[in-house]
1. With the requirement that a residue be surrounded by 11 or more Cβ atoms within 10 Å (Cβ to Cβ) and among the hydroxyl-bearing types (Ser, Thr, Tyr), what does segment 64-85 give you?
2. Could you go through segment 23-31 and let me know if any residue there is in a loop (DSSP other than H, G, I, E, B), modelled with pLDDT under 90 and of a type outside the set (A, V, I, L, M).
3. Hey, can you tell me all the residues within segment 30-41 that are touching a residue at least 40 places away in the same chain (Cβ under 8 Å) and out of contact with any Phe, Trp or Tyr (no Cβ under 9 Å at 6 or more places or on another chain)?
4. Give, as residue ranges, the strands (runs of 3 or more DSSP E) completely inside segment 64-103 that count at least 3 residues that are more than 17 Å from residue 42 (Cα to Cα).
5. Please indicate, with yes or no, whether at least one residue in segment 45-59 is modelled with pLDDT of 95 or more, surrounded by 13 or more Cβ atoms within 10 Å (Cβ to Cβ) and either in a strand (DSSP E or B) or in contact with a Gly (Cβ under 8 Å, 6 or more places away or on another chain) (or both).
Amino acid sequence: MILVYHNAEAIAGNPYISFFKNEPLTILDSQLTCVAEVNTDDLGAAYTLTNTKEKYWWTNELVIPRFSGINCRSTSVGDVFKLNGTYYAVAPFGFVPVQITPN
């Protein structure tokens, strides 16, 4: 199972810049909001399942929505997945491990 977190700072700022620095990527836990659980261990599948295409992503069989309200944006670059205790940021191409730090 993969937990999906939307990163408020990724949308507000420019998430692409951080991926091209030669330093570990660190994200504050206060920036993240858990929006879903996806019943897969495949990061690529979790990304696909949390993007709206033909239907709202939260209606996919393998997705358990965890957001409040009536809708939620799709997963984007800078958002975070947690798989087996490791956090991964959605990068422009694939996924990169990240450190989550308290405020």
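The values are calculated or read from the model by the stated rules, or taken from the named source; none is laboratory data. All values reported here derive from a predicted model rather than from experimental measurement. Reconstructed Cβ throughout: ideal geometry from the backbone, glycine too, with neighbour counts over all protein chains shown.
1. 74, 75, 76
2. Checked segment 23-31: at least one residue is in a loop (DSSP other than H, G, I, E, B), modelled with pLDDT under 90 and of a type outside the set (A, V, I, L, M).
3. Answer for segment 30-41, where residues must be touching a residue at least 40 places away in the same chain (Cβ under 8 Å) and out of contact with any Phe, Trp or Tyr (no Cβ under 9 Å at 6 or more places or on another chain): 30, 41.
4. Filter on segment 64-103 gives 95-101.
5. Within segment 45-59, none of the residues are modelled with pLDDT of 95 or more, surrounded by 13 or more Cβ atoms within 10 Å (Cβ to Cβ) and either in a strand (DSSP E or B) or in contact with a Gly (Cβ under 8 Å, 6 or more places away or on another chain) (or both).
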